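J.: One structure, pasted below without further comment.
Coordinate-derived values only; no laboratory data. What you see is a predicted model; the values in this text were computed from it and never measured. Cβ atoms come from the backbone with ideal geometry, glycine included; neighbour counts cover every protein chain shown.
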Amino acid sequence: MSTKTASADAAALPNVRTLLAFREVALLGSTTAAAKAIHSSQPAVTQALARLERRFGVSLFIRTSAGMTLNEAGHRCMARVDRALGGLMGGIAELTRGRPKDSSGLSAKLRRLSGTQLAALSAVVDTGGFSAAARSTGLSRPSLHRSCRALERMLGVAFFEQTSFGVEPTRDAERLVRHIRLAGSEIAQALTEIEALSGKFRGRTVIGAMPLARSSLLPEAILEFSACHPEHTISILDGPYDNMLMALRHGDADLLVGALRDPPPVDDVVQEHLFDDVLAILMRPDHPLLSQPNATVDELVRFPWIAPRPGSPLRSHYEALFSSGGLEPPRGAVECNSLSAARALLRASDRLMLLSAHQISADLAEGTLKILPHPRGRVIRRIGLTIRKGWRPTDIQVELIRIMRLAAARVAR
């Protein structure tokens, strides 16, 4: 996680009492009743609503002498606020696992959370320590320390431990920060949905893209989508799968596109299959093996190889290619996840590589690389989408996913 991301998430989450005040007014229809429900004053609730409406730039209520009811923007906001507060409540419940279930106690803890405390904990967890958090936020180290320690006392959980490397966040701190970030993501989604009501289709979608998606699926889908929605920002995230998965689970990415894992890597994500990607053997255009279109595994193992990154689905297929012939993978393989580097290695040597023909369609058209069929026949990778379980996309994100599904169907054909 980057410092910039943590700061953005903290800024995206209003004070919890502001969200609670909004929800109670929406449910009870008056600031007076809401103030009583959250043990606050009526002027404080009124000010909280004003802050939230300024944040979204619209009124969220229809105000009459009979009381207050949500307007359309308010209904959109309410759905997201419920999800944000529910996520924070779930985070607190995780910290109190093994203790007696007490929803009233959890609610009381939720009311006592302050935005300052949550932002401080997020910054310290993100940067790995108080000194680094102080540098990134501009706040003093003692101020961050007080906020985090107050949060520890209030929740009854230790968020830091002394190690040989200094004071470091505990797993409990990381778990709670994950819920904080997801709650902030819900509020950002609320703003996108409210702006859409006035025809402003802005917002931002972050897509974790694996190599095949970056080369043959996403460019087509994004160009088609952006032609209709030029104000909506698409951010492409790449890197190791584990990093992208963490970004997805923490709300820093909205979805992942690429090779699916079997079984799914964790139980809080959902995978959707889009198409099957057929694998082949890549080589330079004048490679000696091109004279043997039905090359066996025994013949393939004699050449040097470019191997996929360990832990990837493609690596499993690479190892299975040789084990099917009772052989070990070639020694001295170059492990490479960069297609541009792999191209250079293939063109300048007799190295071979297992990959999808989709990823090198331009190279095949230009004749700069050639392929041979997989010795075991039709061998595939499953390509698709990975999203958080329970994720609720905005209407514009639903449209983006629809276009991606259509693009995937064209790639499959």
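J.: Based on alpha-carbon atoms only, what is the radius of gyration of the stretch 244-328 relative to the globular estimate 2.2 N^0.38 Å?
T.: 1.44
J.: Go ahead and set up a Gaussian network model of the chain, Cα springs under 10 Å, then flag whichever of SER136, SER164, SER338 fluctuates most.
T.: SER164
J.: Further question on the same structure: For the stretch 142-206, what are the per-bin percents of Cα-Cα distances with bins 5 Å wide, up to the bin holding the maximum?
T.: Calculated over all Cα pairs of the stretch 142-206, the distribution is 4, 14, 16, 17, 12, 9, 10, 9, 6, 2, 1 percent.
J.: Please compute, over every Cα-Cα pair in the stretch 336-395, the percentage with a separation greater than 17 angstrom.
T.: 54
J.: Under 17 Å from a point placed 7 Å out from the Cα of ARG309 along the Cα-to-Cβ direction: which residues of the stretch 356-391 have their backbone N that close?
T.: Under cut-off, by backbone N: 356, 384, 386.
J.: Just the Kirkwood number for the stretch 27-178, please: inverse of mean 1/r across all distinct Cα pairs, in Å, one decimal.
T.: Result for the stretch 27-178, one decimal place: 17.6 Å.
J.: Right, here's the next one. In nm, give the distance between the simple-model label positions of GLU335 and ARG146, each being 7 Å from the Cα along the Cα-to-Cβ direction.
T.: 4.8
J.: Among VAL124, VAL157, which comes first, second and so on when ranked by fewest other beta-carbon atoms within 10 Å?
T.: Result, fewest neighbours first: VAL157, VAL124.
J.: Something else about it: Run the quick spin-label model on LEU364 and ILE62: label points 7 Å from Cα toward the beta carbon, then report their separation in nm to one decimal.
T.: 5.8
J.: Another question, if that's okay. Can you give the convex hull volume per residue for the Cα atoms of the chain, as a whole number of Å³?
T.: Dividing the Cα hull volume of the chain by its residue count gives 175 Å³.
J.: Separate question: Under the rule of -39500 (n - 2.57) per DSSP H run of 4 or more residues, summed and divided by the residues of the chain, what mean residue ellipticity at 222 nm is obtained, to the nearest 500 deg cm²/dmol?
T.: -16000 deg cm²/dmol
J.: Which residue fluctuates most in the GNM of the chain (Cα springs below 10 Å): ASP126, ASP276, ASP262?
T.: Result for the chain, Cα springs under 10 Å: ASP262 fluctuates most.
J.: Suppose every K and R has +1 on its Cβ and every D and E has -1 on its Cβ; what is the size of the dipole of the chain about the Cα centre, in Debye to the nearest 20?
T.: 1200
J.: List VAL81, VAL398 from most exposed to least, where exposure is judged by having the fewest other Cβ atoms within 10 Å.
T.: With the sparsest Cβ surroundings first, the list reads VAL398, VAL81.
J.: Could you list the square roots of 5 times each eigenvalue of the Cα gyration tensor of the stretch 160-301, that is, the equivalent ellipsoid semi-axes, sorted largest first and rounded to whole Å?
T.: Taking √(5λ) for each eigenvalue gives 38, 27, 13 Å, largest first.
J.: Starting from the 7 Å offset along Cα-to-Cβ, what nm value, one decimal, do you get for the label separation of ASN294 and ASP238?
T.: In this crude label model, ASN294 to ASP238 measures out at 3.9 nm.
J.: When averaged across all projection directions, what area in nm² does the alpha-carbon convex hull of the stretch 276-381 cover?
T.: So the mean shadow area of the Cα hull is 6.1 nm².
J.: Right, another one. Please report THR386, THR163 as a ranked list, fewest other C-beta atoms within 10 angstrom at the top and most at the bottom.
T.: THR163, THR386
J.: How long is the gain from THR170 to LEU28 if the chain were fully straight, where each residue apart is worth 0.36 nm and the alpha carbon distance is subtracted?
T.: Result for the pair: 47.2 nm of gain on full extension.
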